[in-house]
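The next block holds one structure in the form of structure tokens; read it before the comments.
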Amino acid sequence: MEEVLVPLFFFGSIFAFPLLRRQMIHRHRLEVLRQPDRRQPEGSAPAAQGDSAADLALRLPEPHRLYALALLCRLQDALDAGPLDAHTTYLIRQAHAEYLPATLRAYLNLTAAARARLNERGQSAEALLREQLELINAGVAGALGQHHASADRLLTQGHFLGERFETVGARVRA
């Protein structure tokens, strides 16, 4: 019996540890997302209408909940990743503070009459929510993919060096 239990325990722990670790990371990220955003400048207003995006996402039905939480984690990771150019930073902060919560709030505030009206038009609320979450995700991916700050700094440095050494070369020739 012992020769069966020891390998079973060993392989069980090998497979269970990554799952438990992933669950703990997920819970930590949810706690971070629930905290108020401390990066906001003092003059700007916090997200309106109470609930944070994480709280709203937790009230969604299952497939949309996972997608919204993954999008929230991606937004938070992008903000924590390091310096971004002004346009990318603005877009990610807006998506995190306004666009995503407004989308989730609009879905969660649908009444039965509003859902019936959407169904009459041949649209489902779930499909519309998924499309809007995908639009936000694509916008964030596009902004992060077009992050040109490091390339711009390299080009600026090249222009600076070109100007400096051209003037030195002109003085040496004269």
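The values are calculated or read from the model by the stated rules, or taken from the named source; none is laboratory data. None of the values given here were measured: they were computed from a predicted structure. Note that each Cβ is placed from the backbone with ideal geometry, even for glycine, and that neighbours are counted across all protein chains shown. Remember, those area values only see protein heavy atoms, side chains included, never the ligands or the DNA or RNA. Shrake-Rupley method; radii C 1.70, N 1.55, O 1.52, S 1.80 Å.
State the answer as a single residue: which of ALA86, LEU110, LEU75 lies farthest towards the positive end of the charge dipole of segment 75-124, with beta carbon charges of +1 for Lys and Arg and -1 for Asp and Glu, about the Cα centre.
Final value for the positive-end residue is LEU110.
With every protein chain left in place, what is the accessible area per residue of segment 50-118 in square angstrom, probe 1.4 Å?
About 49 Å² of surface per residue is accessible.
Defining a contact as two alpha carbons under 8 Å apart and six or more residues distant in sequence, what relative contact order in percent does segment 53-148 show?
In percent, rounded to a whole number, it is 36.
What is the log10 of I(q)/I(0) for segment 53-148, computed with the Debye formula using one identical point scatterer on each Cα and no solvent, at q = 0.10 Å⁻¹?
-0.29
Ignoring ligands, DNA and RNA, what percent of the accessible area of segment 45-118 is carbon or sulfur (1.4 Å)?
61
Output ³J(HN,Hα) for segment 123-132: one whole-Hz value per residue in order, computed from phi by the Karplus curve 6.51 cos²θ - 1.76 cosθ + 1.60 with θ = phi - 60°, and x for Gly and Pro.
Per residue, the Karplus-derived 3J(HN,Hα) values read 10, 10, 4, 5, 5, 5, 4, 4, 4, 5 Hz.
Treating only the Cβ of Lys, Arg, Asp and Glu as charged (+1, +1, -1, -1), what charge dipole size does segment 53-148 show about its Cα centre? Round to the nearest 20 debye.
Dipole magnitude for segment 53-148 comes out near 320 debye.
For PRO63, what is the net charge nearby, where nearby means another residue's Cβ is under 13 Å from its Cβ and Lys, Arg count +1, Asp, Glu -1?
Residues near PRO63 contribute -1 overall.
Are there trypsin sites (Lys or Arg not before Pro) in segment 75-136 that DSSP marks as loop and that have at most 10 other Cβ atoms within 10 Å, and which are they?
In loop regions of segment 75-136 (DSSP not H, G, I, E or B), the sparsely surrounded trypsin sites (Lys or Arg not before Pro) are ARG121.
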